[in-house]
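Please treat every number below as a calculation from the coordinates, not as lab data. If you're wondering where the values come from, they're calculated on a predicted model, not measured in any experiment. As a convention, Cβ positions derive from the backbone with ideal geometry for all residues, glycine included, and neighbour counts pool all protein chains shown.
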Amino acid sequence: MANQNILLNFDRNGANHTLENYLKRKGYSTLSEKIPNMKPEQVLDEVKKSGIRGRGGAGFPAGIKWSFLPKDSDKPVYLICNGDEGEPGTFKDRVILEENPHMLIEGMILAAYAINAKHCYIYIRGEYGFALQRVQQAVDEAYRAGYLGKKLTGANYSCDITVHKGAGAYVVGDETGLMNSIEGKKGQTRNKPPFPAVEGLYQCPTIINNVETLASVPWIIDHGGAAYHSIGTEKSSGTKLLSISGHVRKPGVYEVDLGYPFMDFLNKDCGGVIGNRKLKAVIPGGSSTPVLRPEDCEKITIDYESIAEAGSSLGSGAILIIAEGSCMVKTLEVLTHFYHHESCGQCTPCREGTGWLHKIVKRIEAGQGKMEDLDLLTSITKHIAFHTICPLGDAACGPVDSFVKKFKDEFIEHIKTGGCPFGGKFVRFQERV
Amino acid sequence: MTSNNTVSIRIDNHPFTVEKGLTILKAAEQNNIYIPTLCAHKELTPYGGCRMCLVEVEGARRFLTACTTPVEDGMVIRTHTDQIQKERREIMELILSEHTSSCLICEESELCRQYMPTIRKAGVTTGCRYCPNDDKCELEKVVSWLEIKDINHPVYYRGLSVEKYDPFYDRDYNLCIYCGRCVRVCQEVRLANVLAFTQRGRSTVIGPAFGRSHLESGCEFCGACVSVCPTGALAEKSNKWNGVAEAEIQTTCALCGVGCQLQVLIRNDKAVATIPVDDEFVNHGQLCVKGRFCVNELVNHHQRITKASKYQDGNRLQIPIEDAIAIAAEQLKNCPPEDFAMVISPNCSNEDLFIAQKFVRTVMNSHHIDSSARLFYGNGFNDYLDLMKRTTALSEIGQSDVILCLGLDMRFGRSVVGVQIRKAIARGAKIITIHPNDHSLALNAELWIRPHTTEILDSISQLSNALLEKHEPITSRLAQAADLLNAAKNPLILMGGEFLPYSNSAEIMQQTLRIAETIGSAIVPLPAQNNLHGSLLMGAYPELLPGGIFSDEPDNRKKISDIWGMTIQDFTTDWNLNKIFTGKKLKVVYLVGELPPIDEPIGDFVIYQNIYPPEHGAPPNLILPAAAFTEIDGTFINGAGRVQRVQRTAPPPGDAQPDWQLLCQIARKMGATGFDYKNHQQIQQEIARFIERFKKFDRKPVVLPKHIKLQLEPERSSQLSETDGQSFFVLTIFNSEHQYRGIPIADKAEGFKKLIAEDSLLINGSDARKIGVVDGDQVLVSSDLFEKSFPVRLSDNLQSGSVQIIQQRFQPFNPNPHPVKIRRKDV
């Protein structure tokens, strides 16, 4: 089964980011041809029919999210594109932002039409300097060509897009944190309720979607929701961008139909584990998803349900491959440091707890751990997970719990031998030519 | 039973019907169910940070925070299950792992309650005091409620240095638990936006942005952050180690005319701290830096006069109070009425003022009683009184849509009014401010009209003319202001203190009144004196009798004589306080809460009755110890005419007594009758015979009688002196507004000196560079009429070309402002 190219529908070597190139790929044709004959509700219906699930990590169906907007509100509605791609290992949105920004813009215009938003924001993390530049260029081009602004080319409504640069905080990847950041406040998440669809950006109803979700909208409207739904599995429809990295021969961004067997993807598409080593572990959906052992991966297919069944999550589609010969404790130390560093400090359990997680893992790696530390780790995660405002606390606990559970022997070995059997360093495996 | 506005819930198996939209926490509180919290505070929006208030809600996937979750119909809530308590303990342990907790978890703590030993090996049995918040700590309460005896995590001390460089409070962020209350109170309640979180996670820093000091970042030092801090991280310097207050008594602040309600905290018979009262009329739970931090320092200072003393051969001798009263009586008995004068402070209570003028009029048979307010307001006094007659309640700010502020800076004094103005702005009200300097309103005002100090009157009268639709060419800003005021539905005028010392202040007030009449608005003058209103109504002026009636009318005198049952002397004098500078030397001068206005002896015998000894001038002959406002019972009338109660919160130090008691004793010693008051209520009853309003105490405002007018000095010149073509600056001299009974607050409250530069020359930085002076240099300021040296303080709030001096002691300066030359003293 060949995978479709919905989002990566271009030659990866060309200058795909320009309006000219996008128009050659029949860009903005959905906007100019379909929209004049469609009502906003019809657009919303098609998206609902497509069954596309939020590609940011949580996997909530986008069409249903859009329909949460209050019907009787006289406040303006905002649409935000969440391009704060901060999950370690995730770099799939970057490809869209840098290579195919017009598809995102068209998707946003269509989504804005469906939910009656007049003003949209594209929030891009500050570290993505090149993506920011490309998206801004594309937005400027679209304004000049009349696809954005007062009265859109080929359609009878107006839409503005502001590109907003982030200031570097992982926690802003959360919806409400991102809204605070746009408002110029500190990147801390808000208490819910009220939910963003009711009271979001500037206290107005707000819809916030991932880059990939919004970029899929033009195809969905062009080909119809049903066509999109026919791709992939029943519950996980469409294609998914995967960013695979780590000890893999051909790392990068791939677009696959959901339901694609994982081992096929790893071995056929990506060329297998580097240096013909044995697979040791896979983190299937970004660093906050629980780790999987190779035997868990044998049967899984790349979709929300199958990976959930194996005890993890598809998340943002960031696959990290870890080969035999690397230290799982060291890997966990790096991950816990990340969450400790990124904790915003609002909720006690996360602010203090992630620090302790890091300190304990660090001392195990340094050979100064005690056997009680393993229980202490799981007891701390129990008190962090689900006890914080935003999911950062939960995200920090996913890897800790699963690493300790699935690679307990390795932790015990560290404690018993009083040091790291792998030399305490990250191993960079070189491909021998 | 559920109606449209209520919902039925169950908390811990008890059914309750509560208001819709309440949070679970509030619903529980209303029904006396305790849920521990650290970051929640009744005046602040929920934050959900500490996670102490997690509760179990049936059907929810996870525990919910009670402080953020609104109740829903049919909700079943459990607040104390074993699992929740376990979670809370664990979360608290995480907090304690980085908050020094030796005071919270100590193996001696049980014993400590009984015997108070210390863990130091020392022969003291006082208990430990590691933390300024000992026994007041909210963390401590929650820890003991959760019965935490030990923590699993090793204690990790952050090792931050304690921030002590800002005045009034110390900040030890090692004790901070990041509840965010201080940040929220600064942003939501004070709307000052000084405090913020910077950095994130464990390295979060609380404070002004960009590493600025509080002073630089516009902090008003209101102390709201200190009040809400649940730990000892923020501690008031002057009350840091005093421990828990034994009592709290409500009284009225006497440090300006706003008249905020204070809660005075008492320990060991001393007023150790003051906190705001959530008063519906005046301060709404807010205070300014003076009320919050200066009162305790002012009344407890070691220099307080505690004993009577006399000067003999240049030496000050302490004498028993009875002897002092006998000496005073002796001197006064031999003094002819025309050679006597009493100067009384408008900071005194109504009872003091009333007794003082009764003493002068019935015992001394004189009308020579005056108040320093006459000097403070100068020739604009009558016009200022006209503004006061148009006054309205401060809470009117809440209803106004356009507010015109004239010469009003509210950063340090009157910041409670500033808060109300910021709230009005948040509501959509527009502020027009006329002020020559950069000031607290400049940032938030819709329009800041910034005339030069010499053009204030021009601006205001142009505005007034524009409102009367006289078509004159005016600046676009003034035109805009006129448009805003014309369109206003509910305009209001606030009068600050900036323009009062100007030579043309009378005209400025007249124009202001004209504006108010044109647009039909009330005026809120914000006098610096806490009982100016009272001093007029009680008759503490030569021209005025109790009730504010004129003393030169025989009918009035007869009326008063009948009530007192003794004749009041005919009004034959034109004496008033201005004569101190020019008139003949008097025989006996009695200063009640006032400093001698000049350095030379003002009388042959000077009786000085105050809370601090005078620092300047010829020493008085007799010193009597008086009580401060926290030590007396009585009433004040604030700037808006509201009658407010002062209560004795602590006994006066040593032999000090309320002014009226000292006066009554002297009167009795002199053989006078009618001074046998047992308490302040008896005086109030007598006042009620003159002013109906005092029959029964309530806080409703009293209005000044329309006719009240004083006899003022002839008009002062408002012309600028001719310039000699050389480079000159325009100097404006102000009288310090921050005084209590003539005592500069900056002298007694350590931190206040850092905020207000008194007796220094304030000059713009670029001007200072031009004449080659730096901060702290001594400069000679001279003109045809004036020559004096001052230290320089740079202030970029001033406009280029204008300089100012805030003088602690009143000295005439006329015309004001006028051009001066400035040069470095050593050149």
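When the helices in chain A are scored as -39500 (n - 2.57) per DSSP H run of 4 or longer and the sum is shared across all residues, what 222 nm value do you end up with, to the nearest 500 deg cm²/dmol?
Calculated mean residue ellipticity at 222 nm is -12000 deg cm²/dmol.
For peptide A:337-349, compute the average count of partner chain beta-carbon atoms within 10 Å of each residue's beta-carbon.
Per residue, the number of nearby Cβ atoms from other chains is 6 on average.
For B:Gln399 and B:Asp278, what is the calculated FRET efficiency with R₀ set at 22 Å and r taken between the beta-carbons, to the nearest 0.05?
Numbers: r = 20 Å, r/R0 = 0.89.
Working from the Cβ atoms, E equals 0.65.
If we count every other residue with Cβ under 9 angstrom of B:Gln808's Cβ, Lys/Arg +1 and Asp/Glu -1, where does the sum land?
-2
Scan the stretch B:203-297 for GluC sites (Glu not before Pro) in coil per DSSP, keeping those whose Cβ has at most 12 other Cβ atoms within 10 Å, and list them by number. Provide the component values of the computation, followed by the final result.
Details: sites: B:Glu216, B:Glu220, B:Glu236, B:Glu246, B:Glu248, B:Glu280, B:Glu297; in loops: B:Glu216, B:Glu220, B:Glu246, B:Glu280.
When the GluC sites (Glu not before Pro) of the stretch B:203-297 are filtered for loop state and at most 12 Cβ neighbours within 10 Å, B:Glu216, B:Glu246, B:Glu280 remain.
Compactness ratio of the protein assembly as shown: Cα Rg over 2.2 N^0.38 Å, N = residue count?
1.14
Using Cβ contacts closer than 10 Å as the measure, can you line up B:Leu22, B:Leu492 from fewest to most? Please report the intermediate quantities before stating the final value.
Details: B:Leu22 17, B:Leu492 26.
Neighbour counts put them in this order, fewest first: B:Leu22, B:Leu492.
Please give the contour-minus-distance gain from B:Phe210 to B:Asn814: 0.36 nm per residue of separation, less the Cα-Cα distance, rounded to one decimal in nm.
Values: separation 604, 0.36 × 604 = 217.44 nm, distance 4.39 nm.
In short, 213.0 nm is gained.
Please give the calculated 222 nm ellipticity per residue for chain B, where each DSSP H segment of at least 4 residues contributes -39500 (n - 2.57) and the sum is spread over every residue; nearest 500 deg cm²/dmol? Walk me through the intermediate numbers first.
Values: 23 runs with 198 residues, N = 827.
So the helix-based figure for chain B works out to -6500 deg cm²/dmol.
Using a simple charge model, +1 on the beta-carbon of Lys and Arg, -1 on the beta-carbon of Asp and Glu, nothing else, what dipole does the stretch B:729-824 show about its Cα centre, in debye to the nearest 20? Mind showing how you got there, number by number?
Details: 12 positive and 11 negative charges, 23 e Å.
Roughly 120 debye, rounded to the nearest 20.
In nanometres, what is the gap between the two model label sites at B:Asp150 and B:Asn382, each 7 Å from Cα along Cα-to-Cβ?
Result: 8.4 nm between the two label points.
Amide H of B:Val773 versus every other amide H placed in the peptide plane: which residues, excluding those fewer than 5 positions away on the same chain, fall under 5 Å?
none
Over the whole of B:189-200, what's the average partner chain Cβ count within 10 Å per residue? Rounded to a whole number, please. Could you put the intermediate results ahead of the total?
Details: counts 0, 0, 0, 0, 0, 0, 0, 2, 6, 1, 3, 14.
Mean shielding by partner chains, rounded to a whole number: 2.
I'd like the distance between the alpha-carbon centres of the stretch A:323-400 and the stretch A:245-285, rounded to an integer number of Å.
Using only Cα atoms to place each centre, the spacing works out to 26 Å.
Hey, if you drop one equal point scatterer on each alpha-carbon of the stretch B:729-824 and run the Debye formula without solvent, what base-10 log of I(q)/I(0) do you get at q = 0.23 Å⁻¹?
-1.22
Which whole-number percentage describes the relative contact order of the stretch A:226-350, with Cα contacts under 8 Å and a sequence gap of 6 or more?
Values: 225 pairs, mean separation 30.8, N = 125.
Relative contact order of the stretch A:226-350: 25 percent.
Taking the alpha carbon gyration tensor of the stretch A:239-323, what are the square roots of 5 times its eigenvalues, largest first, to the nearest whole Å? Walk me through the numbers on the way to the answer.
Working: eigenvalues 57, 39, 26 Å².
The answer is 17, 14, 11 Å, longest axis first.
In nm, give the distance between the simple-model label positions of A:Tyr157 and B:Lys709, each being 7 Å from the Cα along the Cα-to-Cβ direction.
Result for the modelled spin labels: 7.1 nm.
Does anyone have the angle between helix A:40-50 and the longest principal axis of chain A? Alpha-carbon axes, 0 to 90°, nearest 10?
Helix A:40-50 sits at roughly 40 degrees to that axis.
Kindly list the residues of the stretch B:422-440 that lie in the label zone of B:Gln480, defined by a backbone N under 12 Å from the point 7 Å along the Cα-to-C-beta vector.
Zone members listed by number: B:431-433.
What residues have an amide H closer than 5 Å to that of A:Ile122, excluding those fewer than 5 places away on the same chain, when H is modeled at 1.01 Å from N in the peptide plane?
A:Cys81, A:Thr162, A:Val163, A:His164
Taking the Cβ-Cβ separation of B:Lys470 and B:Ser783 as r and a Förster radius of 45 Å, what is the calculated FRET efficiency to the nearest 0.05?
Values: r = 35 Å, r/R0 = 0.79.
So the FRET efficiency works out to roughly 0.80.
Subtracting the Cα-Cα distance from 0.36 nm times the residue separation, let me have the gained length for B:Tyr311 to B:Arg824 in nm, one decimal. Walk me through the intermediate numbers first.
Values: separation 513, 0.36 × 513 = 184.68 nm, distance 3.95 nm.
This chain segment gains 180.7 nm when fully extended.
Quick check: net charge around B:Ala746, other residues with Cβ under 12 Å of its Cβ, Lys/Arg +1 and Asp/Glu -1? Can you show the working numbers first?
On the way: positive: B:Lys290, B:Lys748, B:Lys753, B:Lys754; negative: B:Glu297, B:Glu737, B:Asp747, B:Glu750, B:Glu758, B:Asp759.
With Lys, Arg at +1 and Asp, Glu at -1, the net is -2.
Determine, from the Cβ-Cβ distance of A:Glu324 and B:Leu443 and an R0 of 60 Å, the FRET efficiency 1/(1 + (r/R0)^6), rounded to the nearest 0.05.
Working: r = 63 Å, r/R0 = 1.05.
Computed FRET efficiency for A:Glu324 and B:Leu443 comes out at 0.45.
Mind checking which of B:Gln657, B:Ala27, B:Gly565 is farthest towards the positive end of chain B's charge dipole, using Cβ charges of +1 (Lys, Arg) and -1 (Asp, Glu) about the Cα centre?
Of the options given, the answer is B:Ala27.
Using all C-alpha to C-alpha distances in the stretch B:6-128, build P(r) with 10 Å bins and read off the rounded percent in each one.
12, 34, 25, 17, 9, 2, 0
So if I take the centroid of the Cα atoms in the stretch B:134-170 and the same for the stretch A:77-93, what is the distance between those two points in Å?
39 Å
Under 16 Å Cα to Cα from A:Lys250, which aspartates and glutamates show up? Leave out anything in the same chain fewer than 8 places away.
In chain and number order, the partners are A:Asp264, A:Asp269, A:Glu431.
With a/c under 1.5 counting as rounded, go ahead and sort the stretch A:293-358 into rounded, prolate or oblate using the C-alpha gyration tensor (a ≥ b ≥ c being the square roots of the eigenvalues; past the cut-off, prolate if a/b is larger than b/c, else oblate). Write down the numbers at each step before the final one.
Working: a/c = 2.96, a/b = 1.63, b/c = 1.81.
Oblate, since a/c reaches 1.5 and b/c is not below a/b.
State the answer as a single residue: which of B:Asn152, B:Ser227, B:Cys182 lies farthest towards the positive end of the charge dipole of the stretch B:145-252, with beta carbon charges of +1 for Lys and Arg and -1 for Asp and Glu, about the Cα centre.
B:Asn152
On alpha carbon coordinates alone, what is the Rg over Rh value for chain A, Rh being the Kirkwood radius?
Numbers: Rg = 22.1 Å, Rh = 22.4 Å.
Ratio of gyration radius to Kirkwood radius: 0.99.
Using DSSP to define loop residues, name the chymotrypsin sites (Phe, Trp or Tyr not before Pro) in the stretch B:21-117 whose beta-carbon has at most 11 other beta-carbon atoms within 10 Å. Don't jump to the answer; show the numbers that get you there.
Values: sites: B:Tyr34, B:Tyr47, B:Phe63, B:Tyr115; in loops: B:Tyr34, B:Tyr47, B:Phe63.
When the chymotrypsin sites (Phe, Trp or Tyr not before Pro) of the stretch B:21-117 are filtered for loop state and at most 11 Cβ neighbours within 10 Å, B:Tyr34 remain.
Would you mind calculating the gained length between B:Asp12 and B:His616 on full extension (0.36 nm times residue separation, minus the Cα-Cα distance), in nm to one decimal?
On the way: separation 604, 0.36 × 604 = 217.44 nm, distance 6.91 nm.
That works out to 210.5 nm of additional length.
How big is the charge dipole of the protein assembly as shown about its Cα centre, in debye rounded to the nearest 20, if each Lys and Arg gets +1 on its Cβ and each Asp and Glu gets -1 on its Cβ? Could the numbers behind the result be given before it?
Numbers: 139 positive and 147 negative charges, 292 e Å.
Dipole size: approximately 1400 debye.
To the nearest Å, what is the center-to-center distance of the stretch B:632-675 and the stretch B:466-492, using C-alpha atoms only?
48 Å
Compute the convex hull volume of the Cα atoms of the stretch B:169-300, divide it by the residue count, and report the result per residue in Å³ as a whole number.
Details: hull volume 14.6 nm³, N = 132.
Expressed per residue, the convex hull around the Cα atoms of the stretch B:169-300 is 111 Å³.
Return the subset of A:Lys92/A:Lys240; A:Lys165/A:Lys192; A:Lys34/A:Lys71; A:Lys65/A:Lys299; B:Lys389/B:Lys700; B:Lys20/B:Lys141 for which the Cα-Cα distance in this structure is over 20 Å, preserving the input order.
On the way: A:Lys92/A:Lys240 10 Å; A:Lys165/A:Lys192 25 Å; A:Lys34/A:Lys71 25 Å; A:Lys65/A:Lys299 31 Å; B:Lys389/B:Lys700 15 Å; B:Lys20/B:Lys141 30 Å.
From A:Lys92/A:Lys240; A:Lys165/A:Lys192; A:Lys34/A:Lys71; A:Lys65/A:Lys299; B:Lys389/B:Lys700; B:Lys20/B:Lys141, over 20 Å: A:Lys165/A:Lys192; A:Lys34/A:Lys71; A:Lys65/A:Lys299; B:Lys20/B:Lys141.
When the scattering of chain B is computed by the Debye formula from its Cα atoms alone, each counted once and equally, what is log10 I(q)/I(0) at q = 0.07, 0.08, 0.09 Å⁻¹?
-0.61, -0.79, -0.97
Computed over the Cα atoms of the stretch B:506-588, what is the convex hull's projected area averaged over all directions, in nm²?
So the Cα hull casts an average projection of 8.6 nm².
Which percent, to the nearest 5, of DSSP beta bridges fully inside the stretch A:19-230 are antiparallel? Don't skip to the end; give the middle numbers.
Working: 2 of 20 bridges.
Around 10 percent of the beta bridges assigned by DSSP in the stretch A:19-230 are antiparallel ones.
Using a 10 angstrom cutoff on alpha carbons, build the Gaussian network for chain A and name the most mobile of A:Val400, A:Val163, A:Val291.
In this elastic network of chain A, the residue with the biggest mean-square fluctuation among A:Val400, A:Val163, A:Val291 is A:Val163.
Give me Rg/Rg_expected for the stretch B:393-525, where Rg uses Cα atoms only and Rg_expected = 2.2 N^0.38 Å with N residues. Let's see the in-between values first.
Numbers: Rg = 13.4 Å, N = 133, 2.2 N^0.38 = 14.1 Å.
Working it through for the stretch B:393-525, the quotient is 0.95.
Report for the protein assembly as shown the percent antiparallel among DSSP-assigned beta bridges with both residues inside it, nearest 5.
55 percent
Could you give the size of the charge dipole of the stretch B:169-300 about its Cα centre, using +1 on the Cβ of each K and R and -1 on the Cβ of each D and E, expressed in debye and rounded to the nearest 20?
Values: 13 positive and 13 negative charges, 110 e Å.
Using only the charged Cβ atoms, the result is roughly 520 debye.
Please go through the stretch B:640-687 and write out the trypsin sites (Lys or Arg not before Pro) that DSSP classes as loop and that have at most 10 other C-beta atoms within 10 Å. Please list the in-between numbers first.
Details: sites: B:Arg642, B:Arg645, B:Arg648, B:Arg668, B:Lys669, B:Lys678; in loops: B:Arg648, B:Lys678.
Those that pass, being in a loop and sparsely packed, are B:Lys678.
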